[in-house]
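Visitor: Structure incoming, see below.
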Amino acid sequence: MMSLQGKVVFITGGARGIGAEVARRLRNKGAKLVLTDLDKAELTALAAELGDDRVLTAVADVRDLPAMQAAAAEAVERFGGIDVVVANAGIASYGSVLQVDPEAVRRVLDVNVLGVFHTVRATLPAVIERRGYVLIVSSLAAYAAPPGWAPYNASKAGVEILANTLRLEVAHRGVGVGSAHMSWIDTALVRDTEADLPSFGELLAKLPWPLNKTTTVDKCAEAFVKGIEGRNRRIYCPRWAGLFRWLKPVLSTEVGELPIRKTTAELLPRMDAEVGALGRSTSAYNDDLGKS
């Protein structure tokens, strides 16, 4: 197990949700933190909570490579290097392929795929110097794709492959690479979707067990921290999510799709109608950030 005492950890999407809770736990283990996000107010509040002496914050958009490079350079200047990177920033869109706003799709792919690439590209030279560890946050959606979330599902499958490729490319440099795969976590992403789209809550409830279960942010953060300490190749939360990596070939067959087909036929048209009535294909929070 890797001791986190004095280690420098760079986290994107660090102001709230899983990123913020991971930061709290890492701080308690003696790590120095570099937190990036678009939400300046929440970053400032979290830094004050954790202690500004061991926390560096940067308002930076993962879609902007120069901004991420500047944040990485500032981290190296402040703390001397980077030991761990958690590429956590991510968003989702609402609606089927037929309904979703194409601009929302572009944002999801830009944040969730290019944003991960930019994060890794900007920090990797420093991580190589420390023979460190990179954690790319994917999802159970890389294995079992829920309807109405096609851009998100595609992005999470994409970054799993990115992690697998990166692992091969940097293994001889002493760098470890992991991917994280979570089922539904009680974050703003899930709560906002349930609030905006009543049909989503019904869809979630009708998914086959255990896919209809939601896990706390605390449990997810605990799994992340244990995985970082172990430099794990894969982190699953809950642990049963790992089974779906092996079930993936079956889930895309007619037999594997059967349990969700009827539910999709019933609820997806309602979801699309609700998205149309909202007038947006992302949460209000992410919609506002996208305009900043």
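Visitor: To the nearest 10 degrees, how steep is helix 17-28 against the longest Cα principal axis of the chain, on a 0 to 90 scale?
Guide: The helix 17-28 is inclined about 30 degrees to the chain.
Visitor: Keeping all protein chains in position, work out how much accessible area VAL105 exposes to a 1.4 Å probe, and write it in Å² to the nearest 10.
Guide: Roll a 1.4 Å probe over it and VAL105 shows about 40 Å².
Visitor: Taking amide H positions as placed in the peptide plane 1.01 Å from N, state which residues far from ARG234 in sequence (5 or more) or on other chains have amide H under 5 Å from it.
Guide: Those qualifying (amide H under 5 Å, at least 5 residues apart or on another chain) are SER179.
Visitor: What is the ratio of the Cα radius of gyration of the chain to 2.2 N^0.38 Å, where N is its residue count, to two decimals?
Guide: Here the Cα radius of gyration is 0.98 times the empirical estimate.
Visitor: What FRET efficiency comes out for LYS206 versus ARG106 if R0 is 41 angstrom and r is the Cβ-Cβ distance? Round to the nearest 0.05. Working shown, then result.
Guide: Values: r = 30 Å, r/R0 = 0.74.
The formula returns an efficiency of 0.85 here.
Visitor: Next question. From the phi of every residue in the stretch 251-263, what ³J(HN,Hα) in whole Hz does the Karplus formula 6.51 cos²θ - 1.76 cosθ + 1.60 yield, where θ is phi - 60° and glycine or proline is x?
Guide: Running phi through 6.51 cos²θ - 1.76 cosθ + 1.60 with θ = phi - 60° gives 5, 9, 8, 4, 5, x, 7, 3, x, 10, 4, 5, 4 Hz.
Visitor: Exactly which trypsin sites (Lys or Arg not before Pro) in the stretch 68-152 are in a DSSP loop and have at most 13 other Cβ atoms within 10 Å? Intermediate results must be reported in sequence, preceding the final value.
Guide: Details: sites: ARG78, ARG106, ARG107, ARG121, ARG130, ARG131; in loops: ARG131.
Taking the stretch 68-152 and a limit of 13 other Cβ atoms within 10 Å, the loop trypsin sites (Lys or Arg not before Pro) found are ARG131.
Visitor: I'd like to check one number: the per residue accessible area of the chain, probe 1.4 Å, reported in Å² as a whole number.
Guide: That works out to 44 Å² for each residue.
Visitor: Still on this structure: Given a 1.4 Å probe and every protein chain left where it sits, what share in percent of the accessible area of the chain is carbon and sulfur?
Guide: Working: 7110 of 12910 Å².
The value for the chain is 55 percent carbon and sulfur by accessible area.
Visitor: Sorted by accessible area with a 1.4 angstrom probe, largest first, how do THR216, THR282 fall?
Guide: Working: THR216 70, THR282 5 Å².
Accessible-area ranking of THR216, THR282, largest first: THR216, THR282.
Visitor: Sticking with this one: Give me the angle, in degrees from 0 to 90, between the Cα long axis of helix 40-50 and the longest principal axis of the Cα atoms of the chain, rounded to the nearest 10.
Guide: 60
Visitor: Moving on to the next point. Under a 5 Å amide H to amide H cut-off, with H placed in plane at 1.01 Å, what residues pair with VAL85 once short-range neighbours are removed?
Guide: Result for VAL85 returns PHE10, TYR133, VAL134, LEU135.
Visitor: What is the dipole size for the chain, taken about its Cα centre, with +1 at each Lys and Arg Cβ and -1 at each Asp and Glu Cβ, in debye to the nearest 20? Don't jump to the answer; show the numbers that get you there.
Guide: On the way: 35 positive and 33 negative charges, 245 e Å.
Roughly 1180 debye, rounded to the nearest 20.
Visitor: First check a/c for the stretch 12-117, with a ≥ b ≥ c the square roots of the eigenvalues of its C-alpha gyration tensor; if it is under 1.5, answer rounded, and if not, answer prolate when a/b is larger than b/c or oblate otherwise.
Guide: Values: a/c = 2.52, a/b = 1.83, b/c = 1.38.
Prolate, because a/c is 1.5 or more and a/b exceeds b/c.
Visitor: Can you pull the Rg over Rh of the stretch 158-292, Cα-only, Kirkwood? Don't skip to the answer; put the middle values down first.
Guide: Working: Rg = 17.8 Å, Rh = 17.4 Å.
Reported Rg/Rh, Kirkwood definition of Rh: 1.02.
Visitor: Follow-up question, since we're still on this one. Out of the DSSP beta bridges found with both residues in the chain, what percent are antiparallel (nearest 5)? Can you show the working numbers first?
Guide: On the way: 0 of 28 bridges.
Around 0 percent of the beta bridges assigned by DSSP in the chain are antiparallel ones.
Visitor: Then there is this: What residues have an amide H closer than 5 Å to that of LYS32, excluding those fewer than 5 places away on the same chain, when H is modeled at 1.01 Å from N in the peptide plane?
Guide: GLY6, LYS7, VAL8, VAL9
Visitor: While we're looking at this one, here's another question. List the trypsin sites (Lys or Arg not before Pro) within the stretch 214-292 that DSSP assigns to loop and that have no more than 13 neighbouring Cβ atoms inside 10 Å. Can you show the working numbers first?
Guide: Working: sites: LYS219, LYS226, ARG231, ARG233, ARG234, ARG239, ARG245, ARG261, LYS262, ARG270, ARG280, LYS291; in loops: ARG231, ARG233, ARG280, LYS291.
When the trypsin sites (Lys or Arg not before Pro) of the stretch 214-292 are filtered for loop state and at most 13 Cβ neighbours within 10 Å, ARG233, LYS291 remain.
Visitor: Could you please tell me the mean projected area of the C-alpha convex hull for the stretch 1-45, averaged over all directions and given in square nanometres to one decimal? Before the final figure, lay out each step's value.
Guide: On the way: hull surface 12.1 nm².
Dividing the Cα hull surface by four gives the mean projection, 3.0 nm².
Visitor: Calculate for the chain the 222 nm mean residue ellipticity that helices alone would give, adding -39,500 (n - 2.57) per DSSP H run of length 4 or more and normalising by residue count, nearest 500 deg cm²/dmol.
Guide: Numbers: 12 runs with 155 residues, N = 292.
After summing the helix terms and dividing by the residues of the chain, the value is -17000 deg cm²/dmol.
The values are calculated or read from the model by the stated rules, or taken from the named source; none is laboratory data. What you see is a predicted model, and the numbers here were worked out from it, not measured in a lab. A quick note on method: Cβ atoms are made from the backbone with ideal geometry, for glycine too, and the neighbour counts reach across all protein chains shown. Note: accessible area is taken over every heavy atom of the protein model, side chains too, but ligands, DNA and RNA are not part of it. Shrake-Rupley method; radii C 1.70, N 1.55, O 1.52, S 1.80 Å.
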